[in-house]
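Everything below concerns the one structure shown next.
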Amino acid sequence: MKVRVLPPNPDWRVEFDSEAAQIHAALANLDIEVHHIGSTAIHGVFAKPIIDMLLTVPSLATVDDNAQAMQALGYEAMGEFGIPGRRYFRKNSPDGIRTHQVHAFERGSEGASRHLAFRDYMNAHAEAAQAYSALKQRLAISFPDDIQGYMDGKNAFVKHHEALALAWQEGQQVG
């Protein structure tokens, strides 16, 4: 997979809104929330042009029972795909380029909380967001054909800032 990071694009929010509306319609019988996450949800940050979404549900069993609705929207159901407590769906364009990813977690779970905290923290801390953006650009140059190398290169930064984000979020809720 070719690693491309692109400048911030206001269309990413439009693409999220459109896809979220389709998911809400397809899963209208479920109590769900759809959140825009990942780098395309962070203001002013370079990102891989893939719309990441967090689907929160009362129970993962409801996601499993309704996977065919996501498949009807063009998603491939991947199960946990390496992360316990998650259901992962991916969608590609007709020419095979990844366009959307859905990470489904139970509402209030650690997985859901950390994704939302990281996004909110980055949007509230422009200096950290710009450091993340610069790192992503350097890694895309260093690992243009190695998605694993790119992901590994981000890991320490993301883990460090996730911890800061969770502590910050806790302070926001208390204060």
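Going 7 Å from the Cα of Gln22 in the Cα-to-Cβ direction, what parts of the range 64-79 have a backbone nitrogen less than 17 Å from that spot?
Backbone N within reach: 67-78.
For Lys2, Lys136, what ranking results if the residue with the fewest other Cβ atoms within 10 Å of its Cβ goes first?
Final ranking by Cβ density, sparse to dense: Lys2, Lys136.
Could you grab the relative contact order for the chain? Cα pairs under 8 Å, six or more apart, rounded to a whole percent.
23 percent.
Comparing Thr56, Thr99, Thr40, which has the greatest mean-square fluctuation in the GNM of the chain with Cα pairs linked when under 10 Å apart?
Looking only at Thr56, Thr99, Thr40, the largest GNM fluctuation is found for Thr99.
Under a Cβ-only charge scheme (Lys and Arg +1, Asp and Glu -1), can you give me the dipole magnitude of the chain about the Cα centre, in debye to the nearest 20?
480
Towards the positive end of the charge dipole of the chain, with charges on Cβ (+1 Lys, Arg; -1 Asp, Glu), say which of Ile141, His125, Gln172 has the farthest Cα.
Value computed over the given set: Ile141.
State the answer as a single residue: which of Met78, Ile97, Gly108 lies farthest towards the positive end of the charge dipole of the chain, with beta carbon charges of +1 for Lys and Arg and -1 for Asp and Glu, about the Cα centre.
Ile97
About its Cα centre, what dipole magnitude does the range 10-82 give when the only charges are +1 on Lys and Arg Cβ and -1 on Asp and Glu Cβ, stated in debye to the nearest 20? Provide the component values of the computation, followed by the final result.
Working: 2 positive and 11 negative charges, 39 e Å.
In debye, rounded to 20, the range 10-82 gives about 180.
Please provide three numbers in whole Å: the alpha-carbon extents of the range 79-174 along the principal axes, with the largest listed first.
47, 31, 20
So what's the net charge close to Pro144: Lys and Arg +1, Asp and Glu -1, counting the other residues with Cβ under 14 Å from its Cβ?
It works out to a net charge of +3.
Whose amide H sits under 5 Å from the amide H of His100, counting only residues 5 or more places off or on another chain, with H placed in the peptide plane?
For His100, whose amide H was placed from the backbone, the distant partners under 5 Å are Ile51, Lys91.
From the alpha carbon gyration tensor of the chain, can you work out the equivalent ellipsoid semi-axes (sqrt of 5 times each eigenvalue) and give them in Å, largest to smallest?
For the chain, the ellipsoid semi-axes come out as 25, 21, 15 Å.
Using Cα centres only, tell me the gap between the range 82-106 and the range 7-30 in whole Å.
Measuring centre to centre over Cα atoms gives 14 Å.
Lys and Arg at +1, Asp and Glu at -1: add these up for the other residues within a Cβ distance under 12 Å of Leu30 and post the number.
Here the charged neighbours net out to -3.
For the range 98-103, just list the computed ³J(HN,Hα) in residue order, Karplus coefficients 6.51, -1.76 and 1.60, θ = phi - 60°, integers in Hz, with x standing in for Gly and Pro.
4, 10, 9, 9, 10, 10
Using a cut-off of 10 Å between beta-carbons, work out the net charge of the residues near Phe105 (Lys and Arg +1, Asp and Glu -1, Phe105 not included).
Spelling it out: positives minus negatives among the neighbours equals +2.
HN-Hα J couplings of the range 23-34 from phi, Karplus 6.51/-1.76/1.60, θ = phi - 60°, integer Hz, Gly and Pro as x?
5, 4, 5, 5, 10, 4, 7, 10, 8, 10, 10, 10
Could you please rank Ile141, Ile50, placing first whichever residue has the fewest other Cβ atoms within 10 Å of its Cβ?
Ile141, Ile50
Show me, for the range 36-48, the HN-Hα J-couplings you get by feeding each phi into the Karplus relation (A = 6.51, B = -1.76, C = 1.60, θ = phi - 60°), rounded to Hz, glycine and proline as x.
Coupling constants for the range 36-48: 7, 10, x, 5, 5, 9, 9, 4, x, 10, 5, 7, 5 Hz.
Mind listing the long-range amide H neighbours of Val3? Cut-off is under 5 Å, sequence gap 5 or more, other chains count too, H placed in the peptide plane at 1.01 Å from N.
Under 5 Å from the amide H of Val3: Asp145, Asp146.
Quick note: the coordinates plus some simple rules give every number you see, no bench work behind them. On a predicted model such as this, the values are computed, not experimentally measured, just so you know. All Cβ positions, even for glycine, are placed from backbone atoms using ideal geometry, and neighbour counts span all protein chains on display.
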